[in-house]
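Derivation of every value follows stated rules applied to the coordinates shown; laboratory data play no part. This is a predicted model, so every value here is computed, not measured. Backbone-built Cβ (ideal geometry, glycine too); neighbour counts: all protein chains shown.
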Amino acid sequence: MARMALVTGGTRGIGAAVPQALQTAGYQVAATYAGSAEAAKAFMSRTGIASYQWDIGDFDACAIGVKSVESSLGPIDVLVNNAGIVRDAALHKMSRPQWEGVIRTNLDGAFNSRALQN
């Protein structure tokens, strides 16, 4: 049986290459996305890789999402924390919502992925 890999932020941009490489290497793969359902649908159609939508910055959403992936595809063996956002601005010009969005996605998201341990 193939090992199962979950790639967060894995349906667009650089992130889309990671699940495809894992698939080529023989892994069963799932990818997550936060925003564009249209892009995720195109990715799924092109690659056959299952994609799941949830907010990586929300711990409870991660726990629910991981359970959904595992109930469909089996236990996750490999996690690639790829989800991230950029809000290009000098720190002194960044608004608080911009800062919080980056921290929530990029840092909290990695922490929240520990839902795999539960």
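General remarks:
- Debye, to nearest 20: dipole size of the chain, +1 on Lys, Arg Cβ, -1 on Asp, Glu Cβ: 220 debye
- For TYR52, the residues whose amide H sits under 5 Å from its own are ALA31, THR32, TYR33, ignoring neighbours fewer than 5 places away on the same chain, with H placed 1.01 Å from N.
- For the chain, the gyration tensor built on C-alpha atoms gives a prolate shape. Its axis ratio a/c (a ≥ b ≥ c) is at least 1.5, and a/b is the larger of a/b and b/c.
- Segment 48-118 and segment 16-36: distance between their alpha carbon centers, rounded to Å: 15 Å
- 3J(HN,Hα) along segment 11-25, derived from phi through the Karplus expression 6.51 cos²θ - 1.76 cosθ + 1.60 where θ = phi - 60°, amounts to 10, 9, x, 4, x, 5, 6, 5, x, 5, 5, 5, 4, 4, 7 Hz, with x in place of Gly and Pro.
- Within a Gaussian network of the chain (alpha carbon springs, distance under 10 Å), most fluctuating of GLN98, GLN53, GLN20: GLN98
- Ranked by the mean number of other Cβ atoms within 10 Å per residue, highest first, peptides 1-14, 79-92 order as 1-14, 79-92.
- Computed over the chain: relative contact order in percent, which uses C-alpha pairs under 8 Å that are six or more apart: 29 percent
- Helix 59-73 axis, angle to the chain major axis (alpha carbon atoms, nearest 10°): 20 degrees
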